[in-house]
């Protein structure tokens, strides 16, 4: 298709660019890979449906109890060989301080969701240009974790056969875990590897540290995953190596987002033009020539 011409007021002909040829790169893939201002209703539905799907799939993974217990024994022996098998000591030390372990139980049950949603909302409001890419990191991390739950069922320390670990939720009768007490039938108890408490908390911490401007907030961003690590071990819900699995999943999530967007999510522009800002204003119609 060639350019068309029109006659302007001074009698000269001006070229009008062809609308298709003048707008290269407007295919579906380039549009999907270009950061756009997020829409609240879409993000709300996406997060709700994604978490529902994640919970459904995670809990649908067969609870292979015998294999999960064998894997737990192997992990425990491996940590002894590495000299890092101190989870039992941490568990007993925390349980000896009632107010501390009760607080950890509620921390484990609530902040995992509250902080993650809070960071998503903060990104949505303050960093819309980085929101989609950073959200993709979280989603890819969670998706690959589901593969881990299926391929490597693992019992948490508190469910090990003959172990001396204390199930702090059962002992102190707190609502601290979907896998204990009356809620144990609603969640797969043998999906401890990888730890998404660590995967999500490190995602939150890195995001806050990289994008926040207030120094003490950045420090809190780094402290959050460190404290989460202590909590998941003290409550006997995870081994140290479960945390390593969670961080490997997060590394995969960052790799996916980096390949898709062509650079690190935090390196993208903070803001994006509004949806109508990139559309050029339609030029005024020129006066057509009356010459024959």
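Computed from the coordinates by the stated procedures, all read-outs in this text should not be read as laboratory data. Computed from a prediction, not measured in an experiment: that's the story for all the values here. Note: ideal-geometry Cβ built from the backbone for every residue, glycine included; neighbour counts use all protein chains shown.
What to note about this one:
- Cα gyration tensor category, rounded, prolate or oblate, for region 89-183 with a/c compared to 1.5: oblate
- R0 of 30 Å, Cβ-Cβ distance residue 259-residue 213: FRET efficiency to nearest 0.05: 0.60
- Net length available on complete extension from residue 220 to residue 161 is 17.5 nm, with 0.36 nm assigned per residue and the Cα-Cα distance removed.
- Volume per residue that the Cα convex hull of region 64-266 spans, once the total is divided by residue count, Å³: 128 Å³
- In this rough spin-label picture, where each label sits 7 Å from Cα along the Cβ direction, the residue 74-residue 53 distance is 3.0 nm.
- Spin-label pair residue 46/residue 90, simplified geometry with 7 Å Cα→Cβ offset, distance in nm: 3.4 nm
- 17 Å reach of a label modelled at residue 110, 7 Å along Cα-to-Cβ, counting backbone N of region 210-246: 228, 231-232
- Scoring 231-241, 148-158 by mean Cβ neighbours within 10 Å over their residues and listing the highest first yields 231-241, 148-158.
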